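The values are calculated or read from the model by the stated rules, or taken from the named source; none is laboratory data. Here the structure is a predicted model, which means the values were calculated and not measured. Here the Cβ positions follow ideal geometry from the backbone for every residue, glycine too, while neighbour counts run over all protein chains shown.
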Amino acid sequence: MKKLMLITAAIIGLSGVAWADDGLTLAQRNERQMEANRKAAMASCGPRGCVQSEIVPSQSDWDAVSNRMAAETEIHLRQMGMSPNTARKAVWATQHKPYSACSHYVAQLTADYENGLDRPDYDDKLIASVEHSGTCERKNLD
């Protein structure tokens, strides 16, 4: 079940990559993708019932999802006030040094952003601390 959920999440994540700027909102794009997924699932049904084949994403699919998540994280950090250079380094750290202090701080900041938490005192101080301490510099990542 976990595998199916992960694959579904990867497919939904890739759905935004597949469309060009066609004027649709994210909700409309997701609705289209869900409908396409439903039709594909129903196409595998026969007289004896539905057969769910195991979908194994390719490496390029995983890379596309990873790149999209990295880009979204960088955008969120920059919207929160982090400089472009530090945001880029922070995203690199989350991908390559997931147990570093930088990655931990990025996780806190993006969780606040994604959950719509309004903690400007905490988040602004944390961003300033990350910016000035060099926590996300490659030489400081452990």
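Pairs please, first residue from the stretch 103-121 and touching a residue at least 60 places away in the same chain (Cβ under 8 Å), second anywhere and among the β-branched types (Val, Ile, Thr), Cβ atoms under 6 Å, 6+ apart in sequence or on different chains.
none
Check every one of the helices (runs of 4 or more DSSP H) wholly within the stretch 78-142 and list those with 2 or more residues that are over 21 Å from the mean Cα position of the chain (by Cα).
On the way: elements: 84-96, 101-114, 120-133.
Fully inside the stretch 78-142 and qualifying: 120-133.
Within the stretch 8-25, is there a residue that is surrounded by 12 or more Cβ atoms within 10 Å (Cβ to Cβ), part of a helix (DSSP H, G or I), among the β-branched types (Val, Ile, Thr) and modelled with pLDDT of 80 or more?
No, the stretch 8-25 contains no residue that is surrounded by 12 or more Cβ atoms within 10 Å (Cβ to Cβ), part of a helix (DSSP H, G or I), among the β-branched types (Val, Ile, Thr) and modelled with pLDDT of 80 or more.
Can you spot a residue in the stretch 102-114 that is modelled with pLDDT under 80 and surrounded by 11 or more Cβ atoms within 10 Å (Cβ to Cβ)? Talk me through it step by step, then tell me what you get.
Step one: filter the stretch 102-114 for residues modelled with pLDDT under 80, giving 114.
Narrowing further to those that are surrounded by 11 or more Cβ atoms within 10 Å (Cβ to Cβ): 114.
Looking for residues that are modelled with pLDDT under 80 and surrounded by 11 or more Cβ atoms within 10 Å (Cβ to Cβ), one finds at least one in the stretch 102-114, hence yes.
Yes or no: Met42 modelled with pLDDT under 75 and not assigned by TED's automatic domain parsing to the domain that holds Cys136? Quick ask: steps written out before the conclusion?
Values: modelled with pLDDT under 75: yes; not assigned by TED's automatic domain parsing to the domain that holds Cys136: yes.
Here the answer is yes, as Met42 does meet what is asked.
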